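Notes follow the structure.
The values are calculated or read from the model by the stated rules, or taken from the named source; none is laboratory data. Keep in mind that what you see is a predicted model, and the values were worked out from it rather than measured. Heads up, the Cβs are rebuilt from the backbone with ideal geometry, glycines too, and the neighbour counts pull from every protein chain shown. Just so you know, the surface numbers come from the protein's heavy atoms only, side chains and all, with ligands and any DNA or RNA stripped out. Shrake-Rupley method; radii C 1.70, N 1.55, O 1.52, S 1.80 Å.
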Amino acid sequence: MEVIICANEEQVGRIAAARIASALARRPDPVMGLATGSSPLGTYAALKERVDAGTLNLSNATFFALDEYLGLPRTDPNSYAETIRRTFTEPLGVDPQRVHVPVGDAEDTDASCEQYEAAIAAAGGIDVQILGIGSNGHIGFNEPGSSFTSRTRTKTLTARTRADNARFFGPGFVPTHCVTQGLGTIMDAGRLVLTALGEAKAEAVAAAVEGPVSAMCPASILQFHRYATVVVDEDAASHLQLKDYYRDSFALLPQGRRPV
Ligand code: F6R
């Protein structure tokens, strides 16, 4: 696993975007996995800079989001479909027809989850998946205890995730369930790029990167991926034991492997 410790959110975004751009450059019609929440916003801003500068062309790319709240129509301002439109699709000038988000209010959710998996496969699989991490170690909405081989399905959100996400909703209502790509789905991506910011993520980042691989910390499955990059700021890195080694490894990267 590659771990890169950055001075601030802007640098996290720039380095994550560089890793993503080189993964996308490997195919003329690449597929990118999107995350919602606060963590990927700097990455989306850095990708937008590349699109605006003409160094990244996303016009032939296809996109699949990680997750959606169950029961929220896609037009709800707090739905992940709407969040992705607002934070990624519109600012980067991407064709909305190319952006797929799990359906939160399907009549038959199980069938809709299977269709989502089939659509990812039909697009040729995900080349690079962007990930955040929950304070409890979740990726996507794969909460602790999730199966390492799981595919897109519904999950119950933990009380901690509901509390963490309450900031987006009015008082009294936070969704209790979601549809999420499984850990097996995420692990099929060609490259994983996880970003984390702030002290609130430090414990989860340490467990994911340096702890035992365990369903109790779903993000720890990244240790089994051949091409996983974790990009964190100083606060999110604060509980890592091998910080000096990660800094050395980055400083000693050969020219061609330098992200920026
Ligand atoms: C969102 C997602 C979640 C978030 C995680 C961190 O699509 O899959 O795993 O990445 O909850 O959220 P933020 O970035 O808001 O701290």
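Miscellaneous remarks
- Flag not set for Thr62, criterion: β-branched (Val, Ile, Thr) and within 16 Å of the ligand (Cβ to nearest atom).
Table: residues versus (1) of a type in the set (S, T, N, Q); (2) buried (at least 19 other Cβ atoms within 10 Å of the Cβ); (3) closer than 14 Å to Pro144 by Cα.
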site: Val193; (1), (2), (3): no, yes, no
site: Ala200; (1), (2), (3): no, no, no
site: Ala204; (1), (2), (3): no, yes, yes
site: Met216; (1), (2), (3): no, no, yes
site: Ser220; (1), (2), (3): yes, yes, yes
site: Arg226; (1), (2), (3): no, no, no
site: Val230; (1), (2), (3): no, yes, no
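- Checklist (1) within 29 Å of Ala206 (Cα to Cα); (2) open to solvent by less than 20 Å² (accessible area, probe 1.4 Å) applied to Ala163, failing item: (2)
- Out of Ala204, Ala219, Ala236, sole residue that is within 12 Å of the ligand (Cβ to nearest atom) and part of a loop (DSSP other than H, G, I, E, B): Ala236
- The single residue among Thr195, Thr154 that is within 23 Å of Ala17 (Cα to Cα) and among the β-branched types (Val, Ile, Thr) turns out to be Thr195.
- Spans of strands (runs of 3 or more DSSP E) in the stretch 1-88 with at least 2 residues free of Cβ contacts under 8 Å to residues at least 60 places away in the same chain and under 14 Å from the mean Cα position of the chain (by Cα): 62-65
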